[in-house]
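S.K.: One structure is given below, represented as structure tokens, and several questions about it will come after.
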Amino acid sequence: MGFLRLSGVDGDGYLRLKKTAQSRDGGPLMSIEQPFTNLEIQKSPKGFYEGYSLPIALISKGIMVALVIWALVWPEKANAVLGGLNWSLLEGFNVFYIWVVGAFVFFLLAIAIIPATGRTVMGIAGEKPEFSTFSWFSMMFGAGLGVGLMVFSIAEPVGLWGSNPVLIAGEAEAYTQEAVEGAYRYTYAHYGFHAWAIYVVTGLSLAYYAYTRNMPLTIRTALTPLFGRLMNGFLGHAVDVMGVVATILGVSVTIGFGVSQFIDGLYSISGMEWLMIDASVAAPQPSTVGLIVGLVCIMGLSVLSAVSGVGRGVKYLSNLNLVLSFILLFTFVVFGSFVFAMTTYATAFVDYILHLIQISFGAYGPQSMLDFAASLPEEAKPLAESLSGGAMNAWGSFEGFRSGLEGEAALLSEETLRSVYEAGMPARQFGWQSGWTTFYWAWWIAFSPFVGLFLARISKGRSVREFIVGCVIAPSLVCFAWMTILGGSAIDLELSGVADGAIIGATNTAKLFVTLDQIISSPSLLLILTVMSVVLILTFLVTSADSGILVMNTIMSGGEQNAGIKHRIIWGVILTLVIGTLLIAGNTGGGNPMEAVKNAMIIGALPFTLVMALMCVSLAKAMYRDHLRSKS
């Protein structure tokens, strides 16, 4: 038998209870403290912020308003500072980003496999899930990677076909049949188990405490097994604020890319030249005016959807997203290169699994100029400075490096130049990884408070194993199929010479529409499919934005899932201003409008990466202690 006994009063003044199991002779077997669940988030009792935590709300809004003013008043300086700080962080933390995300994958795998943790139900025993499996998957899919899959369904595999670590190592040539395997190895890495593991670490942590311990559905809850009562004070506020800031910046990148593709689609349909910077060039880019107009329209719809709540707006839009996604997928199955795609799917998946550990933990650090110069042939060492630019450039080829040389450097023999180029390989691998894989890890981490909390919100009543399998493995397999069917069709068109470089030469956000134009010969059908794709992009954007607004309000209100309508509107306005001003800042001096948004996101993701690492430790401790309690 067991009983509860008073074990004393802790430093907070809370009574501490211990559960002591006894053997038949009356001797104690174990003594386990009950978990800390008395999480108290002070909320304003009245006024404009009634029901909200003032510290979280004011600090979060203050940071975002300051960023908006800074980017609006000093756009060039903001862009330069964000870019410089971003590069410094990548140099110092690239290895950390790669290793910690790899650890997330294997941590979740272990939790799912272990019987005691895998079968734990997040909710009351016998409680049925709130949403059907179809709606659950629809909302998960739309919130998690919907916009990313539309923007990068073709841009990712085609881009990686021309640049990836396999090509940098000289194991294949860009844009050849041999380069396809490496392209899809890293496409699967960026949109597969690692991406969804990032979301699920946050989502599982929040859902576990919310539905097994009846604690608030907010970020600080996930660290209570480690820090206990400290989460009631400033430390808890800081964790929640980091979650809100990361969410805003992660959603900003997603919406920024999505709006750009939305404008590309509108231009394909209407031909309105004011939407583009220069419509006369072969691959026009959306203008700042076009981006801002599209942003305002999308965010207006998002606020309306967020006001209606998860049960109506988000749910219905998510279901529509999934239906339209299947129609688009079926279009490529019928008109695209389905056999090539399925062959690629099978071989690429095996290749991905075989390289999973290397992808997870194969990290690169920056190469210094001294190290580069020391590894050069003797005749090239005096010219190290002039040789370094091309040899250490992750996005350049050997031919590009050689053709760009001048003076004495251009007179070096080909053998020497190849040795020089080989000497710069560590820098090229680091530059590629930090600019591509680490960007994705930071994006998904910044996105994870939003997606994780949203997944937790819709997953009550499901087991831990069901949550991990349903939110990591299942959507990854769908992403793989999506990327190979759409992207494989584009690659096959280029390999066969049909596209003649049109897809490769298009901007990332226009590649989908250029590919549709290549596979659909009927103008009327092409118009219908283009309109449908634009609608799908729009609904994915609205779903992502309104889900993000709901999540930010949930964190601000200390886990309340029915936050006030006025604050949803305010956060919608703030999110619009953040994205708009960063797009303007990134476009200063003729630059890429997305650069400032991406730099701010990577910077904002780093603190939350540390929080997520602590979440894993916290969840492992909580599950182990709960298992001991259940045994006792």
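S.K.: So is S419 assigned to a helix (DSSP H, G or I) and hydroxyl-bearing (S, T, Y) or not?
M.R.: Considered against the rule, which asks whether it is assigned to a helix (DSSP H, G or I) and hydroxyl-bearing (S, T, Y), S419 comes out as yes.
S.K.: Can you find even one residue in the stretch 457-472 that is touching a Phe, Trp or Tyr at 6+ places or on another chain (Cβ under 6 Å), over 28 Å from M242 (Cα atoms) and among the hydrophobic types (A, V, I, L, M, F, W, C)?
M.R.: No, the stretch 457-472 has no match at all.
S.K.: What are the residues in the stretch 479-503 that are part of a helix (DSSP H, G or I), out of contact with any Leu (no Cβ under 9 Å at 6 or more places or on another chain) and open to solvent by 30 Å² or more (accessible area, probe 1.4 Å), if any?
M.R.: Within the stretch 479-503, D492, L495 meet the criteria.
S.K.: Out of V573, V578, I need the residue that is of a type in the set (V, I, T) and within 19 Å of the chain's Cα centre (by Cα). Which one?
M.R.: Going through V573, V578 in turn, just one is of a type in the set (V, I, T) and within 19 Å of the chain's Cα centre (by Cα): V578.
S.K.: What pairs come up if the first residue lies in the stretch 238-254 and is touching a residue at least 24 places away in the same chain (Cβ under 8 Å) and within 17 Å of W441 (Cβ to Cβ), the second is among the charged types (D, E, K, R) and open to solvent by 10 Å² or more (accessible area, probe 1.4 Å), and their beta carbons are under 9 Å apart, counting only those six or more places apart or on different chains?
M.R.: So the pair list comes out as V253/K598.
S.K.: I need the full set of residues from the stretch 92-110 which are closer than 19 Å to Q429 by Cβ and open to solvent by 20 Å² or more (accessible area, probe 1.4 Å), in order please.
M.R.: Result: G92, F93, V95, F96, W99.
S.K.: Yes or no: the stretch 490-507 includes at least one residue that is closer than 26 Å to M140 by Cβ and of a type outside the set (V, I, T).
M.R.: The answer is no; no qualifying residue exists.
S.K.: If you scan the stretch 504-531, which residues turn out to be open to solvent by 30 Å² or more (accessible area, probe 1.4 Å) and either of a type outside the set (S, T, N, Q) or in contact with an Asp or Glu (Cβ under 7 Å, 6 or more places away or on another chain) (or both)?
M.R.: I504, G505, V514, D517, P523, L525, L526, L527, I528, V531
S.K.: Quickly run through the stretch 213-241 and pick out the residues that are among the polar types (S, T, N, Q), assigned to a helix (DSSP H, G or I) and closer than 19 Å to M552 by Cβ.
M.R.: T221
S.K.: Select from the stretch 155-213 the residues that are surrounded by fewer than 24 Cβ atoms within 10 Å (Cβ to Cβ) and among the polar types (S, T, N, Q) and write down the one among them that is nearest to D500 (Cα to Cα).
M.R.: T176
S.K.: Turning to a different aspect of this structure: Report, by residue number, each residue of the stretch 288-305 that is modelled with pLDDT of 85 or more and under 28 Å from L525 (Cα atoms).
M.R.: Answer for the stretch 288-305, where residues must be modelled with pLDDT of 85 or more and under 28 Å from L525 (Cα atoms): G290, L291, V293, G294, L295, C297, I298.
S.K.: A further question follows. For the stretch 111-131, check the following and say yes or no: at least one residue is surrounded by fewer than 16 Cβ atoms within 10 Å (Cβ to Cβ) and among the acidic types (D, E).
M.R.: Yes, some residue in the stretch 111-131 is surrounded by fewer than 16 Cβ atoms within 10 Å (Cβ to Cβ) and among the acidic types (D, E).
S.K.: Name the single residue that is nearest to V105 (Cα to Cα) among those in the stretch 576-632 being at pLDDT 85 or above and in contact with a strand residue (DSSP E or B) (Cβ under 8 Å, 6 or more places away or on another chain).
M.R.: R625
S.K.: Same structure, new question: Across the stretch 10-64, which residue is modelled with the highest pLDDT among those that are among the polar types (S, T, N, Q) and outside any loop (DSSP other than H, G, I, E, B)?
M.R.: Filtering first and then ranking leaves S60.
S.K.: Might you let me know whether the stretch 114-128 holds any residue that is closer than 25 Å to N214 by Cβ, at pLDDT below 85 and of a type in the set (V, I, T)?
M.R.: Checked the stretch 114-128: at least one residue is closer than 25 Å to N214 by Cβ, at pLDDT below 85 and of a type in the set (V, I, T).
S.K.: Further, regarding this structure: Residue under question is L85, and the condition is that it be modelled with pLDDT of 90 or more and open to solvent by 40 Å² or more (accessible area, probe 1.4 Å); does it hold?
M.R.: No, not satisfied.
S.K.: Residue check: is V472 of a type in the set (A, V, I, L, M), at pLDDT 90 or above, open to solvent by 10 Å² or more (accessible area, probe 1.4 Å) and under 21 Å from the mean Cα position of the chain (by Cα)?
M.R.: yes
The values are calculated or read from the model by the stated rules, or taken from the named source; none is laboratory data. What you see is a predicted model, and the numbers here were worked out from it, not measured in a lab. Cβ: placed from backbone, ideal geometry, glycine included. Neighbour counts: every protein chain shown. Only protein heavy atoms, including side chains, enter the accessible area calculation; ligands, DNA and RNA are left aside. Shrake-Rupley method; radii C 1.70, N 1.55, O 1.52, S 1.80 Å.
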